[in-house]
Each structure stands twice: as structure tokens, then as C-alpha cells.
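Below: the structure, in C-alpha cells.
The values are calculated or read from the model by the stated rules, or taken from the named source; none is laboratory data. Quick caveat, the model's predicted, so the values are computed rather than measured. Heads up, the Cβs are rebuilt from the backbone with ideal geometry, glycines too, and the neighbour counts pull from every protein chain shown.
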């Protein structure tokens, strides 16, 4: 048995196969074809899936093609356990190890002809597109409710009135444009690496976006709103910054999309293109976050509203965390990654 | 070699000189805190005997009360950073943002209630840490630490909530720590509503912390019972 396992695994570690072979049910060896005699004979694999926590045997698959992918194994597992659709399965070689990717091929993994995998339930999953659409539609609608001074928000005498300050109208247009842009990008531009995320994220994310939108909108559209101190100059400058960064952010999203052919999950180093807004790639790994920060700084200056400043700050902290992670994974994956680049702020952060 | 079964010491006492020095520093630190809480306790007892106004009492213990929680060092103390941090924040809030800021509540009985609860808890807790470091933890102290909270916790929470509730009318009247519109930052904050929200937050938070301690109790005290059976 050991010789067969060695041959099939191509000399890699076979600890799993050898150790698990003992407690297998007797009929198993009978179904195997001897690989020693006919070199072209296909050695079918057997896949055993155990629960990562309890080590219970959840599923046994026999006659699995050696070139089967983890994705296909997940589909087979799903048939025997319909409540665990493939998106919520985490299959790993080690109970505490990293999840295997859907594209990984069975015979290239360090397993014997009897492969043991550990399963962990990732919990109910929801698609990224659904989450994005929900979390971005909220702010769009909520802000407009405050803008039109829907009843029960402000004192009754202000119901359905409009602000006398033109900056308030401008702010509404900018805010709405921003979220419409995000919705359209979600539908037509972004190419997601992962299809799904845990269900509880939608509650967390929506609370964040919707809550902050309501908080900001309340003050900007308040009857007692105070316009910016430096008046038209301040508003004009802020608007220029905001629009510049919106175009920049969009350019980066397009550039990132073009890195990846449709339906694929390849990862490449992004480089500046003919579009001047992408030249920031020379200095920054995640310029989409840089531009996003710029947009919200512009909006803060435009409205001169402290809650907007808080929102910008919190968003900046979160985006910095993401940018640093992305930068680190770029450095790990690509040897020739440009050394001049910083994660989010040129030379600073 | 005699095995110490009653607790796990994180600092091996018989190793480096540096480690020994470090451990002694921590020990000295815990003793200081312990004595501070004992001072507070003595003050409380005297006040109770005097049966007078607690107004003066609050001022005498205010300083040590404030320094103590701020001296918690995460990592050194073998308990969850999140829970300890939470407790520290709530204590600092109660002391500074409520009791100190609203003079009128300082002579309330509720202040005495939570100060007593905190005092007894901390004395036991610091004794626990100190003796743990010395590798000579009497079972009584361990038992006390994981049992007294059953009464002290609700007692402290009641005192805290009553104090906040007592402060409400004064906060509303004076507009303490509140910002109103219009202003150039387009921001407002109502401390009165904020205090009410804090009180409401006790409803989900307190049971979680309480039952966490109960689970800890089962784990720690139940474990020792097994060992004593083996003996």
C-alpha cells in the first residue's frame, strides 16, 4: 500500500495516506487498480472528509479522478450534505491549516491515494455583489430622505422644505453621485476574487454605511446648518478635489479590472497606464483607497461638518489596514515588486 | 519536586536575574495597588461607622480610585485584555464623567454601593495576582475571587446605574458636556441622551460579562475539585 501511495503522490509526503489507511473499511483495497503493472492505468483516489473539530467521518468518496479539483470535490460533498453548499465549505489538509483553493488539483496535493481532508463550515454565505448593492443603496436612499426633510426627522414646520444654502444641494449631488458610481461599479466593473462572504458581514457593513450616512445627512440637511466659513472659495476648492478623486478612483478600478481576464482569478502587479490618473501606481499599491480618502476629505471641507470628518477618519483607518494587507501580499507573491511603492499614502504610510 | 497544581505561574521564579527583578517589580506594584484599595476600604468602614454624609468620603478616596484602574497593565495580568479594558473604561467613566462631574450625586448612597463593590473586588483580585506570582496561592483567595463576584457584580452594577440615574436631572438642567446647533462644526451632542443610552447598554452587556465569570468559575473551581479527588 505504501508503494502505491508513494508512486501516486510522486514522492511527496504521504503521512496522511499511510496513517489513515488502517481504520478504513475492508472493501476499499478491492476497488483499487494496481498501478505497478500498467503505467497508463488510472489510479483512482479515495477521498475521506472529516470534521475539523470532532474528527467525525462526514463523507467518503471513492473512484475520484486524480485530476479532480477541490471545487469538484466540494460539489460531490454537497450532494451528500445538501445543507453545506460549496461556498460555505472550507476544505483543508490539516484541521488547523489553511483552506485549499477550488482550483487545486487532487493529485498535486501532498496526499496518498486515500486523501483525508478536514471540513470546516464557514457559516451561511452571501455573495459579494449582494452585499455591495445593499450596503451602497442604503446611504443613497437615506441621505435623500434627510435632504427632502421627510417627516419625523426635523421639527414638523420643516417637513418637505429645502435648505436655503446652495452648498447643501451641491453636497447632496456629490454624495448621491458617489454612491451611484459605486453601485454601477459593483454591477459592471469589479471582478471579485471570492464569490461570497459570511452572512453576518452584511449586518455589520450595513450598520456602518447606513448609520454613518444617516448621521452625516442629519447635520448637513439640518435647518440650522452653518455653511463653510470661507464660503464660495472653500466650496469650490473642495468640489475640485472631490471630482478629481472620483475620476481617479474610477480610473484605478478600470485599470484593476483590465488586469484580470473575465472569469479568471489571476493576480498581476498593476502598473501605470496611459491614463494620467493611474500614474499614482508609481508611488502607491492601492491608489483606489488613496483617491477614496481624497474624495471624502473634499466632501468634509465642502460641508465643514464634524461627523463627515469622523466618517473620513474611520474609513481611512479601515482602508489603511486593507492597503497594508494588500501591499504585504503583493510583496510576498511577486519578487520584482517595485520597491518605491507605499501601501496607501506616498512615502508616508 | 512539588508540583503547584492550584495555578499556573507565567513567570518561572528560579530563572534569570532579569526575570527575577522584573517579577519583583510587578510584585511591588501589586502590593502598592493592594494597599491603596485597603486604604479605601478603611475609609469606607470609618464612614459607615460615622453614619454621616458620604460627601467628604468621596473626595478622600477619589484620587486612589482614579489611579488604580489606570494602572492595569494588559498582558501582565492573566485575564482577557478586552474584558479588563472594558471594566477599566466603565470605571473611569463612572468616576470622572459621572460622579466627579456632577457634584450633586457625590453624597448619594449609590456611590457608596459601587465603591464598596469595587473595593472588595479589587482587594481580592490583587491578593490573587500577588499570591499567584509568589507561587503560594491559598485556595481561599482563589475561591473568593471566583465566588464573591456573584454578589459584588450585581451590587456594583446597581450602584452604577442608580448613580447615573441620579445624575440625569442635573445634566439635563445644566446641559453638561452637551453641544447644540447651530455651530460652525455642524455637530451636536446631548450628554443626557448619551447617559440614557449607556444605561440601556448595561442590559445586553452585563449578562454577558456575568455569565462569562460564571463559566470561568466552573472551569477554575471545578478543575481543582477534580484534582483534590485524585489526591
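Among the residues in region A:228-236, are any surrounded by 15 or more Cβ atoms within 10 Å (Cβ to Cβ), farther than 25 Å from residue A:151 by Cβ and at the interface with another protein chain (Cβ under 10 Å from one of its Cβ atoms)?
Just the residues of region A:228-236 that are surrounded by 15 or more Cβ atoms within 10 Å (Cβ to Cβ), to begin with: A:228, A:234-235.
Of the ones still in play, those that are also farther than 25 Å from residue A:151 by Cβ are A:228, A:234-235.
Those left that are additionally at the interface with another protein chain (Cβ under 10 Å from one of its Cβ atoms): A:228.
Among the residues of region A:228-236, at least one is surrounded by 15 or more Cβ atoms within 10 Å (Cβ to Cβ), farther than 25 Å from residue A:151 by Cβ and at the interface with another protein chain (Cβ under 10 Å from one of its Cβ atoms), which makes the answer yes.
If you go through region A:162-171 one residue at a time, do you hit one that is part of a loop (DSSP other than H, G, I, E, B), away from every other protein chain (no Cβ under 14 Å) and over 35 Å from the mean Cα position of the chain (by Cα)?
Here is the first cut: in region A:162-171, the residues part of a loop (DSSP other than H, G, I, E, B) are A:162-165.
Checking which are away from every other protein chain (no Cβ under 14 Å) leaves us with A:162.
Now drop any that are not over 35 Å from the mean Cα position of the chain (by Cα), which leaves A:162.
The answer is yes, given that some residue of region A:162-171 is part of a loop (DSSP other than H, G, I, E, B), away from every other protein chain (no Cβ under 14 Å) and over 35 Å from the mean Cα position of the chain (by Cα).
Among (1) in a helix (DSSP H, G or I); (2) over 22 Å from residue A:293 (Cα atoms); (3) within 14 Å of chain B (Cβ to nearest Cβ), where does residue A:219 come up short?
Unmet for residue A:219, out of (1) in a helix (DSSP H, G or I); (2) over 22 Å from residue A:293 (Cα atoms); (3) within 14 Å of chain B (Cβ to nearest Cβ): (2).
Which ones in region B:154-206 are touching a strand residue (DSSP E or B) at 6+ places or on another chain (Cβ under 8 Å) and within 14 Å of chain A (Cβ to nearest Cβ)? Working first, answer last.
Pass one, region B:154-206, residues touching a strand residue (DSSP E or B) at 6+ places or on another chain (Cβ under 8 Å): B:177-179, B:187-189.
Within region B:154-206, B:179, B:187, B:188, B:189 qualify.
Residue by residue, here is whether (1) closer than 30 Å to residue A:206 by Cα; (2) in the same structural domain as residue A:201 (by the TED database) holds:
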{"residue": "A:63", "(1), (2)": "no, no"}
{"residue": "A:82", "(1), (2)": "yes, no"}
{"residue": "A:142", "(1), (2)": "yes, yes"}
{"residue": "A:145", "(1), (2)": "yes, yes"}
{"residue": "A:152", "(1), (2)": "yes, yes"}
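Is it true that some residue in region A:267-288 is in contact (Cβ under 8 Å) with a residue 12 or more places away in the chain, within 14 Å of chain B (Cβ to nearest Cβ), more than 17 Å from residue A:208 (Cα to Cα) and touching a helix residue (DSSP H, G or I) at 6+ places or on another chain (Cβ under 8 Å)? Before you say what the answer is, go through the steps one by one.
Initially, region A:267-288 is screened for residues in contact (Cβ under 8 Å) with a residue 12 or more places away in the chain, giving A:267, A:269-270, A:273, A:275, A:277-278, A:280-288.
Filter once more, so that each one left must be within 14 Å of chain B (Cβ to nearest Cβ): none.
No - not one qualifying residue is present in region A:267-288.
Mind checking whether some residue in region A:29-39 is farther than 30 Å from residue A:266 by Cα, at pLDDT below 85, surrounded by 15 or more Cβ atoms within 10 Å (Cβ to Cβ) and touching a helix residue (DSSP H, G or I) at 6+ places or on another chain (Cβ under 9 Å)? Spell out the reasoning first.
Of the residues in region A:29-39, the ones farther than 30 Å from residue A:266 by Cα are A:29-39.
Of the ones still in play, those that are also at pLDDT below 85 are A:29-39.
In the following step, the residues that additionally are surrounded by 15 or more Cβ atoms within 10 Å (Cβ to Cβ) were identified as A:32, A:35.
Still in the running and touching a helix residue (DSSP H, G or I) at 6+ places or on another chain (Cβ under 9 Å): A:32, A:35.
The answer is yes, given that some residue of region A:29-39 is farther than 30 Å from residue A:266 by Cα, at pLDDT below 85, surrounded by 15 or more Cβ atoms within 10 Å (Cβ to Cβ) and touching a helix residue (DSSP H, G or I) at 6+ places or on another chain (Cβ under 9 Å).
Can you tell me how many residues in region B:104-141 are farther than 19 Å from residue B:210 by Cβ and touching a residue at least 60 places away in the same chain (Cβ under 8 Å)?
16
Quick test of your reading of the structure: residue A:119 fulfils all but one of (1) outside any strand (DSSP E or B); (2) at pLDDT below 95. Name the failing condition by number.
Unmet for residue A:119, out of (1) outside any strand (DSSP E or B); (2) at pLDDT below 95: (1).
Let me confirm something: among A:295, A:329, which residue is without any contact (Cβ under 8 Å) to a residue 40 or more places away in the chain and either more than 17 Å from residue A:210 (Cα to Cα) or not in a helix (DSSP H, G or I) (or both)? Give the derivation first.
On the way: A:295 fails: without any contact (Cβ under 8 Å) to a residue 40 or more places away in the chain.
None of the other options fit; the residue is A:329.
State yes or no: is residue A:207 free of Cβ contacts under 8 Å to residues at least 24 places away in the same chain and either within 23 Å of residue A:327 (Cα to Cα) or within 14 Å of chain B (Cβ to nearest Cβ) (or both)?
Details: free of Cβ contacts under 8 Å to residues at least 24 places away in the same chain: yes; either within 23 Å of residue A:327 (Cα to Cα) or within 14 Å of chain B (Cβ to nearest Cβ) (or both): no.
So residue A:207 does not fit the description; no.
Considering region A:275-287 alone, what residues qualify as being crowded, with 22+ Cβ neighbours inside 10 Å and either in contact with a strand residue (DSSP E or B) (Cβ under 9 Å, 6 or more places away or on another chain) or in a helix (DSSP H, G or I) (or both)? Before the answer, list the steps.
Taking region A:275-287 as the starting set, the residues that turn out to be crowded, with 22+ Cβ neighbours inside 10 Å are A:284-287.
Scanning region A:275-287 gives A:284, A:285, A:287.
Looking at B:44, B:34, which is the one that is modelled with pLDDT of 75 or more and either closer than 25 Å to residue B:119 by Cα or part of a helix (DSSP H, G or I) (or both)? Working first, answer last.
On the way: B:44 fails: modelled with pLDDT of 75 or more.
One residue alone meets the criteria, B:34.
Within the bounds of region A:323-332, is there any residue that is surrounded by 14 or more Cβ atoms within 10 Å (Cβ to Cβ), over 22 Å from residue A:254 (Cβ atoms), in the same structural domain as residue A:222 (by the TED database) and touching a helix residue (DSSP H, G or I) at 6+ places or on another chain (Cβ under 9 Å)?
No, there is no match, as no residue in region A:323-332 is surrounded by 14 or more Cβ atoms within 10 Å (Cβ to Cβ), over 22 Å from residue A:254 (Cβ atoms), in the same structural domain as residue A:222 (by the TED database) and touching a helix residue (DSSP H, G or I) at 6+ places or on another chain (Cβ under 9 Å).
Would you confirm whether or not region A:309-322 contains a residue that is in contact with a strand residue (DSSP E or B) (Cβ under 7 Å, 6 or more places away or on another chain) and under 21 Å from residue A:192 (Cα atoms)? Let's see the steps before the verdict.
Taking region A:309-322 first, the residues in contact with a strand residue (DSSP E or B) (Cβ under 7 Å, 6 or more places away or on another chain) are none.
Among the residues of region A:309-322, not one is in contact with a strand residue (DSSP E or B) (Cβ under 7 Å, 6 or more places away or on another chain) and under 21 Å from residue A:192 (Cα atoms), which makes the answer no.
Go through region B:16-31 and give me each residue that's assigned to a helix (DSSP H, G or I) and more than 11 Å from residue B:133 (Cβ to Cβ).
We begin by selecting, within region B:16-31, every residue assigned to a helix (DSSP H, G or I); these are B:17-31.
Within region B:16-31, B:17, B:18, B:19, B:20, B:21 qualify.
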